[in-house]
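Undergrad: Before we start, here is the structure in question, set down as structure tokens.
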Amino acid sequence: MTGTGFMDLALDEARLAQARGEVPVGAVVVRDGEVLAQAGNRTRELNDISAHAELLAIRQAAKRLGSERLNGADLYVTLEPCTLCAAAISFARIRRLYFGTEDEKGGAVVNGVRFFNQPTCHHAPEIYSGLAASDAKLILKDFFKTRR
């Protein structure tokens, strides 16, 4: 599977989150071409403000590998991660971060605090933005259009 295929899985997770009434964000953790974990937002379902797609996928991958460090793993996520998720990405030692659309209001990678550029950041992944951005943006727009 290619990077686009992994992002397609993340988009599928975002659509599943949307169907559950969650903000439609999906994430997939991959290492050596193998999907280790995938998840969509579940903050409402679990009544847990930390149940972001990225955190859920990172937790699943860490459990599967039996290690809190995901050295050599890549994360595909449909929306630019927030500060909470950026910190988890750093502490998990994610190798590469691929994200779809930017989040000008809540993002912390290329917007906001730019977490990985801070001198206190322990580990910064390689960052690739804009992968399937139009699809990711459309899913979010459709979701919020029905909420306003």
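Undergrad: By how many nm would the segment from L46 to V110 lengthen if fully extended, with 0.36 nm per residue of separation less the alpha-carbon distance?
TA: That works out to 20.2 nm of additional length.
Undergrad: Now for a separate question. Please build a GNM for the chain, connecting alpha carbons under 10 Å apart, and tell me which residue among A51, A19, A87 fluctuates the most.
TA: A19
Undergrad: Rounded, prolate or oblate: which one fits the chain, using the alpha carbon gyration tensor with axes a ≥ b ≥ c (rounded when a/c is under 1.5, else prolate when a/b beats b/c, else oblate)?
TA: rounded
Undergrad: Would you check the accessible area of D103, probe 1.4 Å, heavy atoms only, in square angstrom rounded to 10?
TA: 40 Å²
Undergrad: For segment 1-121, calculate the relative contact order in percent as a whole number, restricting contacts to Cα pairs under 8 Å that are 6 or more residues apart.
TA: 20 percent
Undergrad: So, with a 1.4 angstrom probe, what is the percent of accessible area on segment 13-74 that is carbon and sulfur?
TA: C and S atoms contribute 45 percent here.
Undergrad: Could you order Y128, Y76, Y98 by accessible surface area, starting with the largest, using a probe radius of 1.4 Å?
TA: Y128, Y98, Y76
Undergrad: Multiply the residue separation of T4 and N117 by 0.36 nm, subtract the distance between their alpha-carbon atoms, and state the gained length in nm to one decimal.
TA: 38.1 nm
Undergrad: For the chain, with every protein chain kept in place, what is the accessible area per residue (1.4 Å probe, Å²)?
TA: So the chain comes to 51 Å² accessible per residue, rounded to a whole number.
Undergrad: Rank these by accessible area, largest first, 1.4 Å probe: T4, T78, T43, T146.
TA: T146, T4, T43, T78
Undergrad: Stokes-Einstein D for segment 99-139 at 25 °C, 0.890 mPa s, Kirkwood Rh over Cα pairs, in µm²/s?
TA: 221 µm²/s
The values are calculated or read from the model by the stated rules, or taken from the named source; none is laboratory data. In this text, all values refer to a predicted model and were calculated from it rather than measured experimentally. We work out accessible area using only protein heavy atoms, side chains counted, and drop any ligands, DNA or RNA first. Shrake-Rupley method; radii C 1.70, N 1.55, O 1.52, S 1.80 Å.
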